[in-house]
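All remarks here apply to the structure that follows.
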Amino acid sequence: MREVAVIGIGCTPFGEKWGSSFRDLFVQAGTLALEDAGISGEEIGAMYVGNMSAGRFIEQEHIGALIADYSGLATAHIPSTRVEAACASGGLAFRQAVIAVASGIEDIVVAAGVEKMTDVGTGASVDALAGAADREWEGFVGATFPGLYAMIAHDYMHKYPLTREELAMVAVKNHYNGARNPIAQFSQEITVETVLSSPLVADPLRLFDCSPITDGAAAVVLAPLDRAREYTDTPVRVLASAQASDTISLHDRRDLSTLDATVVAGKRAFQMAGLTPADIDLVEVHDCFTIAEILAIEDLGFCRKGEAGRLTREGMTALDGDLPVNTSGGLKACGHPVGATGIKQVWEVVQQLRGEAGKRQVDGAEVGMTHNVGGTGATVAVHILGV
Amino acid sequence: MSSVARFWRKIPQRYNLVGTRCENCGRYYYPPRTLCPQCRRAGRIREHRFSGKGTVVTYTVIRTASEQFEQMTPYVLAIVQLDEGPRLTAQLVCRPEEARIGMRVRPVFRRISADGESGAIHYGTKFAPDTE
C-alpha cells in the first residue's frame, strides 16, 4: 500500500449563499484546491464527490458527472464518483480517494464535498435531513434530526453528570473559534446566556445547540507521498483512514449515549497510525448538535465516559487547551453543508498542520484527526493526518 | 411518502404492533426483520404480535417539525422499550411536562400524519401513560 499525502486544499465561504448555485460552489472550491496544489485539471486521475441529497435540495442527481463537467473536465473523461452517507458523505469521499491513491490505481485524486441546502425552505430541509435516519420507523412517526439527538441528550443527562450549561459551553467555544475563521457561517462570539435563551427546538436542545442549514463546498487534492514534493513544500500525510457502520435506527443501538461506530472507527484509526489519543494535537469532531461533540470526545478515547462536559467547562477543548476541538468553529459555527463537512474538516486540519490557520492556529500542531458522522451514528469516518 | 403501497404494506405492523421473533435464538424484533441479525441464515423468523406494554427509555419534545408534522407541534417523541425487549420510536400521547424516562406506557391507535389535504391518511401506534 502506498503512503498518501494531501497536496492541495480549497474551501468556499460557508453560509446562506443565495447568489451561488451548487455548481458555482463546487467550481470555486475545486479551483482553489487545484491552484493550491499547482496542478492542471488534466493531471487529475479520479474524483470522489461527497454529497448527501442533491436530489432533495436541488432536484439534481448524477452529481459525479455534473461536477466533472462543470469543472471543465468532461472531455478529459475522468472517472468521477458521487459518495453518499448522509452527513458523513464528505468523510467517505475522502476515504475513497485515499484508497484509490494507496492502491496504486490512481495517482492524483480530488476528494470534494458539496451541498446547497437553502434552495428549499426549512420544513423541506428538515424532512430531507430526516432521511439520514430510518424513514420507515423513525421519520414516519415524526422524528426529526434534532429530535433524535435530543433523545440522545436526555439519555446522556439521565446517566451522567452533564449540566445544561456545560452543553451550552460547547457552542460558546465553537463560536469563539468560528469568529476566527474567515470562511465560517457565523463570525460572532456568543455566551452561555445566548444559548440558554434561544428557542427550544427539541428539548433539551435549543437553537444554539444546533448546527445551521448551510451552503458550501470543499475540495482537497491527494497524491502518493513519494511524489508529493513535486507539487508542494508542505505535504500533509494521511496516517490513517477508518470507517465503521452501526444500526440506521437510533432505537436499535446498544447504548444510546455511545456511538459504537465512532468507538470502532477511532480504534481502527489509532491502530493503523500506531498512535494513541495522547498523540493528537487537535481534532475536528462532528458537532451537528452540542451533545454530539460531548459523545465524540469520549467515544474517540480522549477521556472517560461522562467526563467531557466537565472537561469542556474546564477548557480542555479550547484553542489553548490540551486538546483543541473544532478549531474551525465546527459544524456549529463554521456551518454544516452536510456533504461538504467531512472535506472541510480535512481542510481545517491541513491548514493547522501547515501552520496557516491564522488567529486560530494551534501552536506546534503536528498530528490532527477528523471525525465525520452520518445520521445518528450509522456511519462514521475517522482520519488521522500528520506532517 | 407519496405512494399508498409504501404505507399499506406495513399496516399489520403499524396498526397492531406485529413484529417478528427468531425461533432459533428467541429474540424479538420490532420493527420486524426478515433476517435475524443474531443468527443470520440459521435463524427462523416468525411473526409476533406485541402486547405493546413498555417503558420510556428516552424522549424529547419536538418544537420544530418537518412540514408533515408542523401542525402537531409541540409533540412528545420517545424511544419505548417493549416488555419483550425490542425498542421503537413513537409519539407519546401526553402533555410535554408529563413525559419522563422510566414511565410505563401502553399502545393506542392514532392518526400519525396525512399526505397533504387529499392524500392518504396514515394511522399507527402511539403510546399513552399506563396508570395500571
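The values are calculated or read from the model by the stated rules, or taken from the named source; none is laboratory data. These numbers come from a predicted model, not from an experiment. Heads up, the Cβs are rebuilt from the backbone with ideal geometry, glycines too, and the neighbour counts pull from every protein chain shown. Please note that ligands, DNA and RNA were not included when accessible areas were found on the heavy atoms of the full protein model with its side chains. Shrake-Rupley method; radii C 1.70, N 1.55, O 1.52, S 1.80 Å.
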Quiz prompt | Residue among A:261, A:231, A:201 farthest towards the positive dipole end of region A:150-267, charges placed on Cβ | solution = A:231
Quiz prompt | Overall form of region A:251-292 per C-alpha gyration tensor (a/c, 1.5; a/b vs b/c) | solution = oblate
Self-check item: Sulfur and carbon atoms: percent of accessible area, chain B [1.4 Å]
Solution: 45 percent
Quiz item: What are the semi-axes of the equivalent ellipsoid for region A:4-86, taken as the square roots of 5 times the Cα gyration tensor eigenvalues, largest first, in whole Å?
Solution: 21, 16, 12
Self-check item: Residue of A:163, A:214, A:312 that the Gaussian network model of chain A assigns the largest fluctuation, springs spanning Cα pairs under 10 Å
Solution: A:163
Quiz item: Can you pull the Rg over Rh of region A:99-216, Cα-only, Kirkwood?
Solution: 1.06
Quiz item: So, with +1 on the Cβ of K and R and -1 on the Cβ of D and E, and no other charges, what is the size of the charge dipole of chain B about its Cα centre, to the nearest 20 debye?
Solution: 640 debye
Exercise. Kindly provide the helix-only [θ] at 222 nm of chain B, computed as the sum of -39,500 (n - 2.57) over DSSP H runs of four or more divided by all residues, to the nearest 500 deg cm²/dmol?
Key: -2000 deg cm²/dmol
Quiz prompt | Complex-versus-alone comparison for region B:106-125, residues with a loss of 30 Å² or more in accessible area, probe 1.4 Å | solution = B:112
Quiz item: Can you give the charge dipole size of the protein assembly as shown about its Cα centre, rounded to the nearest 20 debye, using +1 on the beta carbon of Lys and Arg and -1 on the beta carbon of Asp and Glu?
Solution: 2160 debye
Self-check item: region A:206-351: Cα Rg divided by the 2.2 N^0.38 Å rule of thumb
Solution: 1.10
Self-check item: residue B:98 versus residue A:107: modelled label distance in nm, points set 7 Å from Cα along the beta carbon direction
Solution: 7.0 nm
Quiz item: Within 10 Å of each Cβ of B:54-60, how many other protein chain Cβ atoms are there on average?
Solution: 6
Exercise. Could you sort A:186-192, A:83-89, B:39-45 so that the peptide with the highest average Cβ count within 10 Å comes first and the rest follow in order?
Key: A:83-89, A:186-192, B:39-45
Quiz item: Taking the Cα-to-Cβ direction at residue B:4 and at residue B:71 and moving 7 Å from each Cα, how far apart do the two end points lie in nm?
Solution: 2.0 nm
Quiz item: So between residue B:117 and residue B:25, what do we pick up on full extension, going 0.36 nm a residue minus the alpha carbon distance?
Solution: 28.6 nm
Quiz item: Once whole DSSP H runs in chain A are found, which of them have Cα atoms spread over 27 Å or more along the helix axis and a mean Kyte-Doolittle score of at least -1.0?
Solution: none
Quiz item: How far is it, in nm, from the label point at residue A:3 to the one at residue B:49 when both lie 7 Å from their Cα along the line to the Cβ?
Solution: 6.6 nm
Quiz item: Taking the Cβ-Cβ separation of residue B:11 and residue B:106 as r and a Förster radius of 22 Å, what is the calculated FRET efficiency to the nearest 0.05?
Solution: 0.60
Exercise. Show me A:332-342, B:50-60, B:121-131 ranked by packing, highest mean number of other Cβ atoms within 10 Å first.
Key: A:332-342, B:50-60, B:121-131
Quiz prompt | Computed FRET value (nearest 0.05) for residue B:132 with residue A:245, which takes r as the C-beta separation and R₀ as 35 Å | solution = 0.30
Exercise. Compute the convex hull volume of the Cα atoms of region A:70-147, divide it by the residue count, and report the result per residue in Å³ as a whole number.
Key: 126 Å³
Exercise. State, in angstrom, two size descriptors of region A:239-310 derived from its alpha carbons: Rg to one decimal place and Dmax to the nearest whole number.
Key: 12.3, 34
Quiz item: Averaged over all directions, how much area does the convex hull of the C-alpha atoms of region A:151-233 cover when projected, in nm²?
Solution: 8.7 nm²
Quiz prompt | Pairwise burial B:A, computed as accessible area of each alone minus the pair, summed, 1.4 Å, Å² | solution = 2900 Å²
Quiz item: Quick one: Cα convex hull volume of region B:1-47, Å³ per residue?
Solution: 76 Å³
Practice problem: Could you please report the charge total around residue A:379, scoring K, R as +1 and D, E as -1 over all other residues with beta-carbon less than 13 angstrom from its beta-carbon? | Solution: -2
Exercise. Translational diffusion coefficient, Stokes-Einstein: compute it for region A:278-328 using the Kirkwood radius over C-alpha pairs as Rh, at 37 °C and 0.692 mPa s, and state it as an integer in µm² s⁻¹.
Key: 306 µm²/s
Quiz prompt | Per-residue average of Cβ from other chains inside 10 Å of B:66-76 | solution = 5
Quiz item: Cα to Cα, under 30 Å, and not fewer than 8 places away if on the same chain: which lysines meet these conditions relative to residue B:10?
Solution: B:53, B:126
Quiz item: In square angstrom, what is the accessible area per residue of chain A with a 1.4 angstrom probe?
Solution: 33 Å²
Practice problem: Figure the gain on full extension for residue A:255 and residue A:314 (residue separation times 0.36 nm, minus the Cα-Cα span) and round it to one decimal in nm. | Solution: 18.6 nm
Exercise. Between A:276, A:81, A:12, find the one with the highest GNM mean-square fluctuation for chain A; connect C-alpha pairs within less than 10 Å.
Key: A:276
Quiz item: What does the charge dipole of region B:60-112 about its Cα centre add up to, to the nearest 20 debye, if the Cβ of each Lys and Arg holds +1 and the Cβ of each Asp and Glu holds -1?
Solution: 120 debye
Exercise. Return the percentage of antiparallel bridges among DSSP beta bridges fully within chain A, rounded to the nearest 5 %.
Key: 75 percent
Quiz item: Hey, any idea what Rg/Rh is for region B:25-101, computing Rh the Kirkwood way over Cα pairs?
Solution: 1.09
Quiz item: Based on the Kirkwood radius over alpha-carbon pairs, what value in µm²/s does the Stokes-Einstein equation return for the translational diffusion coefficient of region A:183-285 at 10 °C and 1.306 mPa s?
Solution: 87 µm²/s
Exercise. Determine the residues within region A:136-152 where the difference in accessible area between the chain on its own and the full set of protein chains amounts to at least 40 Å²; count protein heavy atoms only and use a 1.4 Å probe.
Key: A:136, A:137, A:140, A:141, A:142, A:144, A:151
Quiz prompt | Within 10 Å of each Cβ in B:84-94, the average number of Cβ atoms from other chains | solution = 4
Self-check item: Expected-Rg normalisation [2.2 N^0.38 Å, Cα atoms] applied to the protein assembly as shown
Solution: 0.97
Practice problem: Report, to the nearest whole %, how much of the accessible area of region A:257-387 belongs to carbon and sulfur atoms, 1.4 Å probe, protein only. | Solution: 46 percent
Quiz item: Using 0.36 nm per residue, how much length does the chain from residue A:160 to residue A:16 gain when fully extended, once their Cα-Cα distance is taken away?
Solution: 48.2 nm
Exercise. State the volume of the convex hull built on the alpha-carbon positions of chain B, expressed per residue in Å³ and rounded to an integer.
Key: 117 Å³
Practice problem: Give the peptides B:73-83, A:222-232 in descending order of average Cβ contacts within 10 Å, highest first. | Solution: B:73-83, A:222-232
Quiz item: How long is region B:68-132 along each principal axis, judged by its Cα atoms, biggest number first, in Å?
Solution: 38, 26, 18
